[in-house]
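Trainee: Sharing a structure here in structure tokens format.
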Amino acid sequence: MTAAHHSSQPSRLQKMQSQLDAQNKAIEDTQSQIASTQGDLNNTRTELTGSIARTHDELVLLEKKGERNYYEFDIDKSKQFQHNGPFGVRLRKANAKHQYADLELMVDDRNLSQKHVNLYQPVMFYTPDNPQPVELVINKITKDHIHGYVSAPRYRQSELASMSNANANTNAGKAQADNTADTPARQKLPPPQ
């Protein structure tokens, strides 16, 4: 009986060892997936921070790309809206110690409240005629004062549609002119007798 007991022990150990090996492989696969995901997140963060200007010089570089319109602002705490770009902004509270601000925005005759907007955190929202968002970014927060910029798409959806229609008409006219130049003139056939 002891011999049978001793012979079953190696098969148990082998079974446990194979289970441990399988679990270790699963853990390694999970760790590699986590590392890959972290790399993807870092790449995404790098891409996003490239589109946020931290200084006036970086804002000028973004503006030179020509993709969006940029409007810089300096806003003091006030009861009046200051119009910057496509909407008005009012500073309700600026917390210099914790680097956040409470804002009120006037967009298309609607008041929007944005609380705890952090430094360099883009506030994005969509307007009816734009597929791309309008962004507001705060670069500097001091007591009862903020500095930042508004970034809006350069063209509205209706302008893009009219430009694409104009290009399509121009290309169609050009293609028609090219076709008439390439094809020989038609010959008249004699009437049947």
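Values quoted throughout were computed directly from the atomic coordinates according to the rules given, and no laboratory measurement underlies them. From a predicted model like this one, the values you see are computed outputs, not experimental measurements. With ideal geometry, Cβ positions are generated from the backbone for all residues, glycine too; neighbour counts draw on all protein chains shown.
Trainee: What's the local net charge at LYS143, with K and R +1, D and E -1, over the other residues with C-beta under 11 Å away?
Mentor: +1
Trainee: Using the beta-carbon distance between GLN38 and ARG110 and R0 = 45 Å, what value does 1/(1 + (r/R0)^6) give for FRET efficiency, to the nearest 0.05?
Mentor: That gives a FRET efficiency of 0.70.
Trainee: Check which residues have an amide H placed less than 5 Å from LYS140's amide H, if you skip close sequence neighbours.
Mentor: When sequence neighbours closer than 5 places are left aside, the close amide H contacts are HIS147.
Trainee: Sticking with this structure for a sec: Rg and Dmax of region 56-153, Cα atoms, in Å?
Mentor: 12.9, 38
Trainee: Right, something else. Quickly work out the ARG12-to-ASP57 label distance, labels modelled 7 Å from Cα along the C-beta direction, and quote it in nm with one decimal.
Mentor: With each label placed 7 Å out from Cα toward Cβ, I get 7.2 nm.
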